[in-house]
Amino acid sequence: MKNSFTTGPKSGSFRRSVGVSCLADRVTSMIKIVVDSIDERATLESVKSNRCGAALLFVGSTRQFTGPRETEQLKYECYEEMAVKVLSDLRRQAMEKWPLEACSVVHRVGTVEVGQASIAVAASSPHRADSFEALAWLMDQIKQQVPIWKQENWADGTREWIHPGAGQKPDTPEAAAEKG
């Protein structure tokens with residue numbers, strides 16, 4: 001069973017959901033944290049509109065090599081409630097900065113094998129340049145601001161926690177909640 005948090009754009013509140021997206025003011029879009037594989041097609045479909053000439057999808061996946069080091073797999077952990085709140089705020093900001101019709105973000109937690117998707121971000125707009133710029137901005141902001149931590153599990157058996165925007169990972173997600 002897929003487990004995720006979803007927010008509604010009008011209420012700003014969260015509710016626990018099971019694989020359900022929320023309705024946005026214009027078209028269906030979503031903010032989700034998932035344990036299972038990301039449905040890339042559903043993410044793209046969530047932003048499509050007949051009013052838009054562009055519907056773009058960015059998929060970030062686990063690569064085999066980071067520099068000279070071989071990756072065995074990644075493991076993601078997050079402070080879910082805060083991650084959904086920050087992702088929702090970033091989506092709102094993107095929709096204010098660019099004339100987007102819709103924007104969806106789905107991030108995976110747990111173990112992500114080489115070649116599998118860790119994140120999918122989709123946006124639609126009347127013209128492609130706005131969606132391209134918004135997706136690039138969103139990815140930069142997500143990496144810096146969202147309380148999601150990545151553990152690189154290297155082929156040599158070593159591990160390393162990474163969160164570029166916040167330095168080292170706290171000992172536990174609960175520690176992040178206490179600080180947040």
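The values are calculated or read from the model by the stated rules, or taken from the named source; none is laboratory data. On a predicted model such as this, the values are computed, not experimentally measured, just so you know. Because the Cβ atoms are built from the backbone with ideal geometry, glycine has one as well, and the counts that use them run over all protein chains shown. Areas reflect the complete protein model, heavy atoms only, side chains present, ligands, DNA and RNA absent. Shrake-Rupley method; radii C 1.70, N 1.55, O 1.52, S 1.80 Å.
Does region 98-106 contain at least one residue that is of a type outside the set (F, W, Y), farther than 19 Å from K48 by Cα and surrounded by 21 or more Cβ atoms within 10 Å (Cβ to Cβ)?
no
Among all residue pairs at least 6 apart or on different chains, which show Cβ distances below 6 Å where the first residue, located in region 105-117, is within 18 Å of V47 (Cβ to Cβ) and the second is polar (S, T, N, Q) and open to solvent by 20 Å² or more (accessible area, probe 1.4 Å)?
Correct list of pairs: A117/S61.
Would you mention how many residues in region 137-161 are under 16 Å from the mean Cα position of the chain (by Cα) and without any contact (Cβ under 8 Å) to a residue 24 or more places away in the chain?
3
If you check S118, S124, S104, S49, which single one turns out to be of a type outside the set (F, W, Y), in contact with a strand residue (DSSP E or B) (Cβ under 8 Å, 6 or more places away or on another chain) and farther than 17 Å from I31 by Cα?
Details: S118 fails: farther than 17 Å from I31 by Cα; S124 fails: farther than 17 Å from I31 by Cα; S104 fails: farther than 17 Å from I31 by Cα.
Being of a type outside the set (F, W, Y), in contact with a strand residue (DSSP E or B) (Cβ under 8 Å, 6 or more places away or on another chain) and farther than 17 Å from I31 by Cα holds for just one of S118, S124, S104, S49, which is S49.
Within region 129-158, restricting attention to residues that are charged (D, E, K, R) and surrounded by 15 or more Cβ atoms within 10 Å (Cβ to Cβ), which residue is farthest from V47 (Cα to Cα)?
Restricting to residues being charged (D, E, K, R) and surrounded by 15 or more Cβ atoms within 10 Å (Cβ to Cβ), the top hit is E152.
Considering region 107-128 alone, what residues qualify as being in contact with a Gly (Cβ under 6 Å, 6 or more places away or on another chain) and crowded, with 21+ Cβ neighbours inside 10 Å?
Listed by number, the list holds a single entry, I119.
Could you please let me know if V84 is more than 12 Å from the chain's Cα centre (by Cα), of a type in the set (V, I, T) and either outside any loop (DSSP other than H, G, I, E, B) or modelled with pLDDT of 95 or more (or both)?
no
Do we have any residue at all in region 62-70 that's open to solvent by less than 70 Å² (accessible area, probe 1.4 Å), more than 17 Å from Q151 (Cα to Cα) and at pLDDT 95 or above? Spell out how you get there, then give the answer.
In the first step, residues of region 62-70 are kept if they are open to solvent by less than 70 Å² (accessible area, probe 1.4 Å); the result is 62, 66-67.
Going one step further and asking which of them are more than 17 Å from Q151 (Cα to Cα), we end up with none.
There is no residue in region 62-70 that is open to solvent by less than 70 Å² (accessible area, probe 1.4 Å), more than 17 Å from Q151 (Cα to Cα) and at pLDDT 95 or above.
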